[in-house]
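The values are calculated or read from the model by the stated rules, or taken from the named source; none is laboratory data. Just so it is clear, the model here is predicted, and its values are computed rather than measured. Cβ coordinates were reconstructed from backbone atoms using ideal geometry, including for glycine residues, and neighbour counts include every protein chain displayed. Surface areas here come from the heavy atoms of the whole protein model, side chains and all, with no ligands, DNA or RNA. Shrake-Rupley method; radii C 1.70, N 1.55, O 1.52, S 1.80 Å.
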Amino acid sequence: MEVATYLLFAIGCLGATDIAFYHSFAHGIRSHPDSRLELIVHSLRGPTYALLFLVVPNAALHGMYFWGLIAVFVFDVAISIVDFALERESRRFFGGLPSGEYVLHIILAMLFGAFVTAVCYGVGDWRNLPTHIKYEPASVPDLLRLVMAVMAVFVLFSGIQDGIAAYRLWGQPLRGKKRFPESDRGR
């Protein structure tokens, strides 16, 4: 799981950049009603990545637990697809998604594909073993495993914040939707 751990670390660093720069600093989506559906989707990503940051560098998932890991991957792909579908409307108020964020998402998607491939190629035989979880740290520096545990806490906290923000914004009117057709402007 060494390669998978390094890829997951890269995904975590780029994901944190996306959250800090684009979601928080540039757009502040946690305070905009138009982004509430996107925030709900983001709130699901927090626990997903917290689990991955803790499990991938530290555990061997045999049997049905391996298939559970595959289910987490499929769930994350579904989250990404829904997120991509919602972002255009969610960010209309801001003038759309910045080009840099689109590029970042493409890089993240490619890294995620490499990550899943590394897991399946490196430990795919776990699927045929008797079902159990075994503490089996990846051959990576202990400091990296510690940093990823800290990342797990932060991404879980970020997901909780997104869920709370979505709840808080739920009753507020949308601002990005046009109230009048273009032909009615200026009358």
Inset, instruction - Among what's in region 49-71 and is assigned to a helix (DSSP H, G or I) and small (G, A, S), pick the residue that is surrounded by the fewest Cβ atoms within 10 Å (Cβ to Cβ). - result: A71
Legend entry - Filtered residue count, region 60-106, keeping only those that are of a type in the set (V, I, T) and farther than 19 Å from T48 by Cα: 2
Inset, instruction - Could you please tell me which pairs satisfy a Cβ distance under 6 Å, a separation of 6+ or placement on different chains, a first residue in region 1-17 that is in contact (Cβ under 8 Å) with a residue 60 or more places away in the chain, and a second residue that is buried (at least 20 other Cβ atoms within 10 Å of the Cβ) and not hydrophobic (A, V, I, L, M, F, W, C)? - result: T5/P57
Legend entry - Residues that are open to solvent by 30 Å² or more (accessible area, probe 1.4 Å), under 12 Å from the mean Cα position of the chain (by Cα) and more than 22 Å from V56 (Cα to Cα), drawn from region 72-113: I81, V82, F84
Legend entry - In region 36-81, the residues that are of a type in the set (D, E, K, R) and touching an Asp or Glu at 6+ places or on another chain (Cβ under 8 Å): E38, R45
Legend entry - Filter pass, L143 being part of a helix (DSSP H, G or I) and surrounded by 13 or more Cβ atoms within 10 Å (Cβ to Cβ): no
Legend entry - Residues of region 152-172 that turn out to be open to solvent by 30 Å² or more (accessible area, probe 1.4 Å) and in contact with a Gly (Cβ under 7 Å, 6 or more places away or on another chain), as a count: 2
Inset, instruction - Residues being modelled with pLDDT of 85 or more and open to solvent by 50 Å² or more (accessible area, probe 1.4 Å): count how many of those fall in region 23-44. - result: 2
Inset, instruction - Filter region 3-22 down to residues that are open to solvent by 20 Å² or more (accessible area, probe 1.4 Å), farther than 17 Å from V150 by Cα and modelled with pLDDT under 90, then give me how many there are. - result: 2
